[in-house]
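Chemist: Take this structure, written in structure tokens, and hold onto it; I'll ask about it next.
Bear in mind that the values in this text are calculations on the coordinates, not laboratory data. Not measured: the values here are computed from a predicted model. Because the Cβ atoms are built from the backbone with ideal geometry, glycine has one as well, and the counts that use them run over all protein chains shown.
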Amino acid sequence: MTAWVIRAGRHGEREQWCLENGTAGGGWDEVGDLSHCKSRADVRKLLDDAMPGTTSGLRANNAGQLWGLLHVMPGDIVILPRKTTKSLAFGICTKGYEYWPSAPLKHVVSVNWKRDDVPRSAIKDDLLYTLGAIMTIFTASRNEAEVRFRTVIETGTDPGSLALDETAKTQQSTGDAADSDSVVDPVSVPTLETIRDRVRTHVSENFKGHRLSELVADILRVRGFVCDVSPPGPDQGVDILAGSGPLGLDSPTLIVEVKSEEGQIKAPVVRGLQGAMLSNRSDQGLLVAWGGITKDAKREIRTDRLTMRVWDADDVLDQLFDVYEQLPEETRRAIPLKRAWVLDEEAG
């Protein structure tokens, strides 16, 4: 079996359609039905006829991706990197290539989507690097990608290559499904997304447990709060007590619970924070859930959306980037960033 990465639009505009209709694929509106193609050369001929004004290199690249789509088979893993939510969707192919001339995506395979909200923080750095390639359709095979992605479907988190036993490693596919190096583990480029992935991994590796509470407190202090951070160990649902004013006693007061786990946090943690807010008579609550929260937890929090917020890994990064230059020197040394301009290769 093979693991395929299939995107859904430059800006994620077709993601929801794919998830709702159980599909994945590509647009290529100029290109007709590929069902009769028996070789990559046949696909290239269609592209040459349909896209005469484009470069030969672009047509060759597109031919490789469409030829790859023809080889997505039932049982293969399909990964959809989501632009709109910064998360990942995982599914299993149930039916191979079809041509849907009236659909938003005309060249599709059918997918049973198993998870649609896996946070990028749940994936180890090596596989995030693989996902950083900017092609629409390609295979991921390095570092036991296929078996690790199957584990993500089952558990919600990537075990990493070192955590796999030898039996699992032998199940890794080494086939040549696409018959083309151009769509097999293509080289990643330094997009804004891959840069964020690298910073996210650094923070995840260096700010586990109580250290993440200290980082969140540093960010809140820049935002004007006076913070009291609980010592390591059991905290009864309160990692940080924060308040406004010179003594930290003025409103708004804030209770913060910090979870550095890579997996999603479930509803009981939300209920625990709600209870801590009541017992401490806090105005507001903040749940920092590095791996995000489950759908049940999101439902729990809806009734308190005016008094409670959730920060996942990407929210923490947004806050970190926004106040970085005002953070204590020791914190900046632990997260050594420098400002740089890079070309956004995915911009329209």
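Chemist: Relative to the longest principal Cα axis of the chain, at what angle does helix 313-323 sit, 0 to 90 degrees, rounded to 10?
Modeler: 60
Chemist: Give the angle, between 0 and 90 degrees and rounded to the nearest 10, that separates the Cα long axis of helix 145-155 from the longest principal axis of the Cα atoms of the chain.
Modeler: 50
Chemist: Modelled label-to-label distance, residue 33 and residue 266, 7 Å Cα→beta-carbon offset: nm?
Modeler: 4.9
Chemist: From the list (i) 1.07; (ii) 1.01; (iii) 1.04, can you say which value of Rg/Rh (Cα atoms, Kirkwood Rh) was derived from the structure given?
Modeler: (iii)
Chemist: Under a 10 Å cutoff between Cα atoms, tell me which one of 117, 322, 125 has the largest fluctuation in the Gaussian network model of the chain.
Modeler: In this elastic network of the chain, the residue with the biggest mean-square fluctuation among 117, 322, 125 is 322.
Chemist: Reachable lysines from residue 95, Cα under 24 Å, same-chain residues fewer than 8 places away excluded?
Modeler: Filter leaves 38, 106, 114.
Chemist: Less than 29 Å apart at the alpha-carbon level, and either on another chain or at least 8 residues along: which lysines does that give for residue 338?
Modeler: Result set, ordered by chain and number: 83, 86, 124, 208, 259.
Chemist: Still on this structure: When Lys and Arg each count +1 and Asp and Glu each count -1, what net charge do the other residues less than 12 Å away from residue 26, Cβ to Cβ, add up to?
Modeler: Numbers: positive: 7, 10, 14, 106; negative: 29, 30.
Overall, the nearby charge balance is +2.
Chemist: Further question on the same structure: Spin-label point model (7 Å from Cα, Cβ direction): what's the residue 126 to residue 305 distance in nm?
Modeler: 4.1
Chemist: Still on this model: Name the long-range amide H neighbours of residue 253: under 5 Å, sequence gap of 5 or more, or other chain; modelled H, no Pro or chain starts.
Modeler: Under 5 Å from the amide H of residue 253 lie the amide H atoms of 283, 284, each far enough along the sequence or on another chain.
Chemist: Related question: Relative to the longest principal Cα axis of the chain, at what angle does helix 210-222 sit, 0 to 90 degrees, rounded to 10?
Modeler: Orientation of helix 210-222: about 80 degrees from the principal axis.
Chemist: Take residue 99 and residue 51, extend 7 Å from each Cα along the Cα→Cβ direction, and tell me the distance between the two endpoints in nm.
Modeler: 1.7
Chemist: Which ordering of 341, 28, 4, 100 is given by a fewest-first count of other beta-carbon atoms within 10 Å? Mind dumping the intermediate values first?
Modeler: Numbers: 341 5, 28 20, 4 27, 100 14.
Result, fewest neighbours first: 341, 100, 28, 4.
Chemist: Would you compute, from DSSP H runs of 4+ residues alone, the mean residue ellipticity of the chain at 222 nm, taking -39500 (n - 2.57) per run and dividing by the full residue count, rounded to the nearest 500?
Modeler: Numbers: 12 runs with 121 residues, N = 348.
Result for the chain: -10000 deg cm²/dmol, rounded to the nearest 500.
Chemist: Counting other beta carbons within 10 Å of each residue's own, what order do 208, 298, 86 fall into, fewest first? Mind dumping the intermediate values first?
Modeler: On the way: 208 13, 298 16, 86 19.
Fewest-to-most Cβ neighbours within 10 Å comes out as 208, 298, 86.
Chemist: Taking amide H positions as placed 1.01 Å from N in the peptide plane, with prolines and chain starts having none, which residues 5 or more places from residue 311, or on another chain, fall under 5 Å of its amide H?
Modeler: 287, 288, 289
Chemist: Please work out the FRET efficiency for the pair residue 279 and residue 211, using the Cβ-Cβ distance as r and a Förster radius of 22 Å; give the result to the nearest 0.05. Walk me through the intermediate numbers first.
Modeler: Details: r = 26 Å, r/R0 = 1.19.
For residue 279 and residue 211, the calculated efficiency is 0.25.
Chemist: So what is the relative contact order of the chain, in percent, for Cα pairs below 8 Å that sit 6 or more residues apart? Before the final figure, lay out the partial values.
Modeler: Details: 632 pairs, mean separation 49.3, N = 348.
Relative CO of the chain lands at 14 percent.
Chemist: Below 8 Å between Cα atoms, with a sequence gap of 6+, how large is the relative contact order for region 204-334 in percent? Could the numbers behind the result be given before it?
Modeler: Working: 216 pairs, mean separation 27.4, N = 131.
Once divided by the residue count of region 204-334, the mean separation gives 21 percent.
Chemist: So, one more: In what sequence do 294, 303, 139 fall when counting other Cβ within 10 Å, fewest first? Please list the in-between numbers first.
Modeler: Values: 294 19, 303 10, 139 28.
Placing the least packed residue first, the sequence is 303, 294, 139.
Chemist: Roughly how many Å is it from the Cα centre of region 101-134 to that of region 48-88, as a whole number?
Modeler: So the two Cα centres are separated by 12 Å.
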